[in-house]
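Engineer: I am attaching a structure below and will ask some questions about it afterwards.
The values are calculated or read from the model by the stated rules, or taken from the named source; none is laboratory data. Please read all numbers here as calculations on a predicted model, not as lab measurements. Ideal geometry is used to build each Cβ from the backbone, glycine not excepted, and the neighbour counts take in all protein chains shown.
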């Protein structure tokens, strides 16, 4: 004798009217609420205000010097490439690519020096126990509050006695001594987030501090190292004050000094060439930022997390 089984009666789920109203007004279940729309409009407006100077400079680079003060973004009828032609010819018979090569050399040396010195120092603070470790770490962080102008004159006298004026040594040699406390702190926080069990496993395999540093810490710290490299490159590429103090030979000028040379207070100033070469000098920085954007975001987001 067969038995009939019947499914339990289903009940319709009734959504409360308040919940339905909440969804219609742009709650969590709504794809895009009204407040989110206003937020996007506000962000676009702020982005436009911040982007306007760059867009104006781009448009001004295609204008004649007589119409350089036009507040519009588009060049209009006075469109010309004379600014790029004149600017690329450079100053004092030196083409602008030479200044970009100088800046690239300086920035590369600074990046290499910072990566080596700051990573080694950060490993010591993060992984090695030594006497007065906390005291030295506090002193290192205290240098962040020391203005650069305080040590400018003693540093200049020292470099002059070493005959380093009109050379690139004052740019990267201080970084060999791990003088950038910010990057040391960033790397220390990242190294501390790496489990110490990996160090113990490496020691079992016969690694010392150097092996742990090269084979364990550095491969796992690519985001933090990329962040250090990118910010060091951008700062060194845009640095105007240091070349102004230590360089007097135009053949050694970096990009910021070359751009300054287009403005002459005693003669005519080539503003079209200045804006054109300013756009050209932005391309390497923009390209590096776009190429390593993911590592940069990962390095900033994960620094200090346990």
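Engineer: Working only within segment 145-160, note down all residues that are over 24 Å from the mean Cα position of the chain (by Cα) and either on the phi > 0 side of the Ramachandran plot or loosely packed, with under 12 Cβ neighbours inside 10 Å (or both).
Structural biologist: Selection gives 150, 153, 154, 157.
Residues are listed down the side, and each one gets a yes or a no for (1) within 18 Å of residue 178 (Cα to Cα); (2) in a loop (DSSP other than H, G, I, E, B):
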| residue | (1), (2) |
| --- | --- |
| 80 | no, yes |
| 88 | no, no |
| 103 | no, no |
| 110 | yes, no |
| 116 | yes, no |
| 121 | yes, no |
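Engineer: Let me ask something else about it. Out of the residues in segment 59-103 meeting the condition of being surrounded by fewer than 18 Cβ atoms within 10 Å (Cβ to Cβ) and at positive phi, tell me which one is farthest from the chain's Cα centre (by Cα).
Structural biologist: 76
Engineer: Which one of 261, 273 is surrounded by 15 or more Cβ atoms within 10 Å (Cβ to Cβ), under 30 Å from residue 79 (Cβ atoms), touching a strand residue (DSSP E or B) at 6+ places or on another chain (Cβ under 7 Å) and at pLDDT below 90?
Structural biologist: 261
Engineer: Can you find a residue that is out of contact with any helix residue (DSSP H, G or I) (no Cβ under 7 Å at 6 or more places or on another chain), assigned to a loop (DSSP other than H, G, I, E, B) and at positive phi anywhere in segment 124-144?
Structural biologist: Yes, that holds for at least one residue.
Engineer: Then there is this: For a quick check of your reading of the model, give me the residue pairs whose first member lies in segment 161-176 and is touching a residue at least 60 places away in the same chain (Cβ under 8 Å) and on the phi > 0 side of the Ramachandran plot, whose second is outside any helix (DSSP H, G or I) and surrounded by 17 or more Cβ atoms within 10 Å (Cβ to Cβ), with beta-carbon atoms closer than 7 Å and at least 6 apart or on different chains.
Structural biologist: 166/247
Engineer: Looking at segment 160-179, which of its residues are within 22 Å of residue 121 (Cβ to Cβ) and in contact with a helix residue (DSSP H, G or I) (Cβ under 6 Å, 6 or more places away or on another chain)?
Structural biologist: Residues satisfying the conditions are 170, 171, 172, 175, 176, 178.
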